[in-house]
Every structure is written in C-alpha cells, then in structure tokens.
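Colleague: The structure is given below, and queries will be raised subsequently.
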C-alpha cells in the first residue's frame, strides 16, 4: 500500500531554511514532500559565522564530511571565544570549549583549584584557571588537530566548533537538499492564506498568482516573520530591558596572516565587536546600542579595528532582541530570526536553529493532531531560549566598565534565575545546571571568573586531599596539558592539510 506524502513548505532560505530542509529530507524524506521557497530579490542577513560544538553532530547526521565542509565554506577551527575588555577595559579571558581539569567525585575541578590557589599551590596569575584547559592552551598557542582523548590518560581531548562563511554553508546545504529531492522555488510570497475555520495556513500565494499549498509550514522569513508573526499573529517578547544593543554593522576584511583557532569579542564604549577568522577573509562586525552610539560613530570604531583592507561594503543591521511568544502555532513552526533573535555574543544563532529542527523532527505531528506536540515544543524552546538569554546577560551585568551603557547594565534588575546563579557562585563557587542545558558548569565558571567574580568559599569535598596530594594533582594536570599542546600541529598547518586554498 503506497503512502501519500504530506507537503511541508519552508518559507525562506538562508542558513535556517536550508538547515531545516536538509535535516527533514535526511530523516523524514520518505514520508514528506518538501518544498523550499525563497526570493533571490531578498537578501539574507548571513548571521552565524561562528558556531559551537553541536554543529559537528548536525553535519555528521547529514553525512557531510568535515574536510569537505571546511573546504566548501572557507572554514577554520574554533576552540574558544576570547573576551577583551569586558571585566575592565584591560581585561582578557577565554570561554574555552570542553571541560577544565579533572572532576573528582561530586565536586567540580574548580573547588580543588580554589583551595590550591588559596594555599599557594598554583601560579599567582590571573589566567591560572585556564592553565587546566587543553582548549585554552591550544587556542593561545594557535595549535589544533582532532584529538578525542589525551593519549595514555583518562582526560578528554579537544572540543571544537567552526568559523565558516554562512552564505557558503547555505549553498552547500542547498546542493545537498536538491540531490535529496527537495523542491526549490525562486519566488516572492505575496499573501499567506488561512483556513477560515481552523485558522491553519492553507497556502502561500506568490506574486505570480500561483498558490503553494501545504500541510505544514516552516517560517524562515527572517525578522519579518511573515507566517508566524504577521499571518498567525503570534506576539513578540522583547528583551531590551536586559540586552541594550539593537544594531550591528558587518564589514569583512582581508584574511589574517595567521588564522587563530578562536573568535574575538571585544567590548567598546557602547557594545562590542567581533572578529571571525576564515581562510579567505576575516569576518568583522560591531554590535551596539543606537541610544549610546550613532551609526557613523559605530562604523568609524569598526573601521579602526580592521586588521586589513575591507573587501565589501558595510552592512547595517537593525534588530530587536527577544523571541516570539510561541515558536510553534497552528501548523507552523518558525526558525532562526523568524522565531526571535539573541545577539551572537556566544555564537548561538545557528545552534538554536539546529536545536529547533532536531526538536521538530522528534515531535513531528500526526496529520490531524499537533496541539500536544506544539505545547511541548514551545515549552522546551522557551526554556532553551531563556537559558541562552541569561548566559548572554551575564556578560553585560558583570562588566567592570564605566561608560553609561555599561553602568546601566551593572545596576539593572536581572532575571531571578540568573541572579540566583550568580549569588550561589559568589557564595560557594557552585554552579547548578540542568541536564539538557546548553552551557555547562565550566562555561559559567569561566565567564564569572573572567569578569571578576571571586567566590567566598569552595566545596568541603576539596578538603579530602592532603596538601601534598592536592599539589601533586595540580602540577600533574598542568604538565599533561602543556606537554600535549606542544605535540599538536599549528592550526595553519592543519588547515593546509585539508587543501583549503590558503
């Protein structure tokens, strides 16, 4: 008996649209006919050129070879994010991927480090905590090769993500999808047609007059949110009270002479700027509050930070930070900018797309019933979005700068859950995270330590070692990490082995 395929219509291309089409065609292609409609007359924002480690799993599920991916997208390796000027104008720290040190039972490594530091058993330097991170060592040294585990030890190897050209990634996924049978249309949506009784979306009417019918719709139309926001009337929750930046300017420049395996995020008087190293160019941008900095001033600040000649015209992006009240309503799910936006400080834009697509695959509805799936989907989506939001607010709130915008961020009332996290860490050095939370305990520790929080105490379990045992433990770990990183090839040399046209 043949199965009648249901029609899934994806409105909008870009990274979000093609990521959705690729995953759905890979896992549900036998049950669904998938059509993606995008207009070549509408430019995409192209956000998400720096990522976090889960993108590797996404590509692996699709069967995309890592070397082929890096070659196709001008990609480089990302081991960490370097934060400059956030704790104070002169401060510098890393948010390195992966763990730090070695866990000892129920107490994280941080508590042993805290005790060792208090007893003079570690180096008296600001970045000493990061001496126990292999990722931090490798990032600072500019070295990389895939390493699952440090040889002859129980310690994990390198956790990594990528920097890549988002436009090229969308094109790579587009080719993947067309091979997989996804239908592609270059057209502009004129009107979203709703069913008079159910309120569901019936079809998209194009400017040509053609109607594109579907059973389920995915809104990837960017911040316009033509389907979920405008047609279905789903409201927007604004986060401007906590995240003051509302504009960005992107301006790529020539390739760096030496490509570092990490992203740079540098604070300035009214926001921050990014530097993302690719093999064929450098991605640069500035994120800022229009209430504290004019567009001309922002562009001038960005231009002064360029490390080489610009290779394109500056692109001004206006945005609202926040999320749709629901990400799934009726027979429509929104992804990417259509569902909301969090500034790319921790490189989460594409991850939130990836996570939502994965959640959608797991919860894809039966033909006539999807209310319960939508409710569960929205609950998980809200929890995830707010957790990422709070992690970004953390950077703003714990700043040590004196400019008006930053002083306002120091004094602002923050979400209760975040305030509780900070208070707990200040008092005890402890961080409690949910099992499925994106940012791990070491991630929270690094940002809070990097931006000046010094806990008053450590967990009593750290007193279980004698002073001699603790000192030996710390020296042994530091020696292993320093020795291991010296044996890694340079990041540039690794990229050259992939024939990435350096």
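Colleague: Just to verify a number: FRET efficiency for residue 432 and residue 42, C-beta to C-beta distance, R0 = 35 Å, to 0.05?
Modeller: The value I calculate is 0.20.
Colleague: Right, here's the next one. Evaluate the relative contact order of the chain (contact order divided by residue number), counting alpha-carbon pairs under 8 angstrom at least 6 apart; express in whole percent.
Modeller: 22
Colleague: Still on this structure: Can you give the helix-only mean residue ellipticity at 222 nm for the chain, where every DSSP H stretch with n ≥ 4 adds -39500 (n - 2.57) and the sum goes over all residues, rounded to the nearest 500 deg cm²/dmol?
Modeller: Result for the chain: -11000 deg cm²/dmol, rounded to the nearest 500.
Colleague: Related question: With r as the distance between the Cβ atoms of residue 486 and residue 152 and R0 = 22 Å, compute the FRET efficiency 1/(1 + (r/R0)^6) and round to 0.05.
Modeller: It comes out at approximately 0.90.
Colleague: Something else about it: Mind jotting down the distance between the C-alpha centroids of region 274-298 and region 53-88, whole Å?
Modeller: 20
Colleague: Along Cα→Cβ, 7 Å out, is where each label goes; now give me the distance between the ones at residue 383 and residue 419 in nm to one decimal.
Modeller: In this crude spin-label approximation the distance works out to 2.3 nm.
Colleague: Moving on to the next point. What is the distance, in nm, between label points placed 7 Å from the Cα along the Cα-to-Cβ direction at residue 127 and at residue 208?
Modeller: 5.6
Colleague: Ok, one more. Could you tell me the calculated FRET efficiency between residue 296 and residue 402, based on Cβ-Cβ distance and R0 = 30 angstrom, to the nearest 0.05?
Modeller: 0.80
Colleague: Could you order the peptides 225-238, 89-102 from most to least packed, using the average number of other C-beta atoms within 10 Å per residue?
Modeller: Packing order, densest peptide first, comes out as 89-102, 225-238.
Colleague: Please rank 332, 409, fewest neighbouring Cβ atoms within 10 Å first, as an exposure proxy.
Modeller: Ordered from fewest to most neighbouring Cβ atoms within 10 Å, 332, 409 come out as 409, 332.
Colleague: Restricting to the chain, compute how many DSSP beta bridges are antiparallel as a %, nearest 5.
Modeller: Counting DSSP beta bridges with both partners in the chain, the antiparallel share is about 70 percent.
Colleague: Follow-up. How many angstrom lie between the C-alpha centres of region 181-210 and region 236-272?
Modeller: Cα centroid of region 181-210 versus Cα centroid of region 236-272: 36 Å apart.
Colleague: For region 424-502 and region 136-172, what is the centre-to-centre distance using only Cα atoms, to the nearest Å?
Modeller: The distance from the Cα centre of region 424-502 to that of region 136-172 comes to 16 Å.
Colleague: Provide 363, 405, 412, 474 in ascending order of the number of other Cβ atoms located within 10 Å of each residue's Cβ, fewest first.
Modeller: By the 10 Å Cβ count, ascending: 412, 363, 405, 474.
We did not get these values from a lab; they are worked out from the coordinates using the rules stated. Just so you know, these numbers come straight off a predicted model, no measurement behind them. With ideal geometry, Cβ positions are generated from the backbone for all residues, glycine too; neighbour counts draw on all protein chains shown.
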